[in-house]
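The block underneath contains the structure these notes are about, expressed in structure tokens.
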Amino acid sequence: MAQGQLRTLRWEKWKRTLFIMCLVQFFAMASISCVTPFLPLYLQELELSDPGEVRVWAGLMFGANLLTAFIFSFVWGKLGDRYGRKPMLVRAGIGMSVTITWMGFVTDHLQLLLLRLLNGAAAGFSPAASALVALDAPRERSGYALGMLHSSSICGTICGPLIGGVCADRFGFAAVFSLLGISIFGATLLVIFLVQETFAAPERQERATFREDFNVIVSRKPLPALFVSAFFIRMATVGTLPLVPLYVQQLVPEQANLAFWAGLTTAAMGIANMLAAPPLGKWSDRCGAQYVLVFAVLGAAVFFVPQAFVQHLWQLIALRFCCGLFLGGMTPSLNVLIRRYAPDGMESRTFSYSNSALILGGMVGSVVMGAVASVCGLAAVFLCSAVILAIDVCWMRQTIILARSASATSGSAER
């Protein structure tokens, strides 16, 4: 009876933690993505009047955040394994709330660039949240838990730009940054007072260098293959996003409310992603995350191809929605596999490597897809994404599926 009660308490604890982290992740991602619609317009308020100059600085603002997030991801992952994932969530939340609030008080674009760099350096919220949820949930339910967390993240990412645009029109650009800072700080308070982490600090504080950490993690197969797959996935999926509004404009050049339809087309994939993530997470618990990951990548590749040949906007929206259904199985399955193969005591560092691969894939994808669109046209971007995902399927088949089958076969033979 006592064991049954203890098991029930553990079950209720991880579900409670998951619910709180989904809520926090929604607020965090909504706040982070909230500035997307009006950041270039905010630059114009900071006395940048030349359209070419605004486009250049807008790119730098987005890239600066990703650059420092990529660099510091390794640092926060190492500290997360040493001191716990909850302290990293609190650190990221407070750091982001302070830097975002200050953005509303800048007087020129250079100050804004500096704060974007600092904001990226303070980030690391998502990998810490993934590590905490993955380690807190029962191993047999980790796919479902990470699917729910991913769904909350996507929901926040979808709602953020809409909330940001409405608030900017109503209160002004500078006031939105203060509202964002307060929102992230409120989410951080939820973590401080409501999230309980069972964390046992290492008995002996290791002093390994980042190079030594890297050698340990990449020697653990198939983690390097998973990092490469994460890079390919983000390169193919995120690289197309900045070009979707231009493609919509090409399909319906005379449409009056073009911004609305561009937003709807972009959101269609995100909505499907959000809806599909939890059930695909459950499926990965039953059938194996590696098979769901390959299935999801292959399905997305198939639905990217016809997007290059659509003649009507409704066709593009429908295909983006179908593609998003498969995207819902990618990140959760990838995180389940990262959790499964991460070296003991190095889970946060392993998630930070995966997160860095995703960030790098997004940066490279944006540049590559922009170059493809300028040379071959917008339609070629979707074919390029399909090719990248097809390459990723072949890569995973050789490095994850077949390697795992061979390992299982050899293990059976030895026994």
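The values are calculated or read from the model by the stated rules, or taken from the named source; none is laboratory data. What you are looking at is a predicted structure, and each value in this text was computed from that prediction instead of being measured. A quick note on method: Cβ atoms are made from the backbone with ideal geometry, for glycine too, and the neighbour counts reach across all protein chains shown. Side chains included, ligands, DNA and RNA excluded: accessible areas come from the protein's heavy atoms. Shrake-Rupley method; radii C 1.70, N 1.55, O 1.52, S 1.80 Å.
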- Send over a whole-number figure in Å² for the accessible area per residue of the range 115-161, probe 1.4 Å. 27
- Note on the structure: The correct ranking of PHE214, PHE309, PHE173, PHE199 by accessible area at 1.4 Å, largest first, is PHE309, PHE214, PHE199, PHE173
- Task: Work out, in µm²/s and without decimals, the Stokes-Einstein translational diffusion coefficient of the range 34-172 at 10 °C, 1.306 mPa s, Rh from Kirkwood over C-alpha pairs.
- Result: 96
- With DNA, RNA and ligands ignored, accessible area of LEU243 (1.4 Å probe; Å², nearest 10): 30
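If the chain between ILE94 and GLN398 were fully stretched, how many nm would it gain, using 0.36 nm times the residue separation less the Cα-Cα distance? Mind showing how you got there, number by number?
On the way: separation 304, 0.36 × 304 = 109.44 nm, distance 4.26 nm.
Contour length minus Cα-Cα distance gives 105.2 nm.
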- Ranking LEU48, GLY263, MET148 by how far each Cα lies towards the positive end of the charge dipole of the chain (+1 on Lys and Arg Cβ, -1 on Asp and Glu Cβ), the top one is MET148
- Task: With all protein chains present, calculate the accessible area of TRP261 using a 1.4 Å probe and round the result to the nearest 10 Å².
- Result: 70
- Looking at PHE105, GLY93, LEU67, which one has the Cα that reaches farthest to the positive end of the dipole of the range 37-113 (charges on Cβ: Lys, Arg +1; Asp, Glu -1)? GLY93
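I'd like the FRET efficiency for HIS312 and PHE19, computed as 1/(1 + (r/R0)^6) with the beta carbon distance as r and R0 of 45 Å, rounded to 0.05. Please list the in-between numbers first.
Working: r = 41 Å, r/R0 = 0.91.
It comes to 0.65.
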- Per residue accessible area of the range 306-380, 1.4 Å probe, in Å²: 34
- Note on the structure: Over the chain, the sum of -39500 (n - 2.57) across DSSP H runs of at least four, divided by residue number and rounded to 500 deg cm²/dmol, gives at 222 nm -27500 deg cm²/dmol
- For the pair VAL375 and GLU254, how long in nm is the line joining their label points, each one 7 Å along Cα→Cβ? 3.5
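Between CYS287 and THR198, what length comes free when the chain is fully extended (0.36 nm per residue of separation minus the Cα-Cα distance, one decimal in nm)?
Here the answer is 29.2 nm.
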- Item | For Rg and Dmax of the Cα atoms in Å, calculated from these coordinates, the label among (i) 22.0, 69; (ii) 24.7, 83; (iii) 21.4, 73 | (iii)
- Item | Relative contact order %, the chain, counting alpha carbon pairs below 8 Å whose residues are six or more apart | 24
- Note on the structure: The simple spin-label model distance between LEU189 and LEU114, using points 7 Å out along Cα→Cβ, in nm, is 3.0
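Placing +1 at every Lys and Arg Cβ and -1 at every Asp and Glu Cβ, with all other atoms neutral, what dipole size does the chain have around its Cα centre, in debye to the nearest 20? Walk me through the numbers on the way to the answer.
Values: 30 positive and 21 negative charges, 301 e Å.
My answer is approximately 1440 debye.
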- Query: Considering only ALA308, LEU378, MET330, whose Cα is most displaced toward the positive end of the charge dipole of the range 260-415, charges sitting on Cβ of Lys, Arg (+1) and Asp, Glu (-1)?
  - Reply: MET330
- Message: Order ILE391, ILE271, ILE217, ILE401 by their accessible area, 1.4 angstrom probe, all chains in place, largest first.
- Response: ILE391, ILE271, ILE401, ILE217
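Multiply the residue gap between GLU53 and ARG211 by 0.36 nm, knock off their C-alpha separation, and tell me the result in nm, one decimal place.
Working: separation 158, 0.36 × 158 = 56.88 nm, distance 3.93 nm.
Length gained, GLU53 through ARG211: 52.9 nm.
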- Query: At what distance in nm do the modelled label points of ASP344 and VAL387 sit from each other, each positioned 7 Å from its Cα along Cα→Cβ?
  - Reply: 4.6
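Using a 1.4 Å probe on the protein heavy atoms, what percent of the accessible area of the chain belongs to carbon and sulfur?
On the way: 12950 of 19230 Å².
Reported share for carbon and sulfur atoms: 67 percent.
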- Message: Checking the cross-link filter: which lysines have an alpha carbon closer than 18 Å to that of LYS15, excluding same-chain neighbours under 8 positions apart?
- Response: LYS86, LYS282
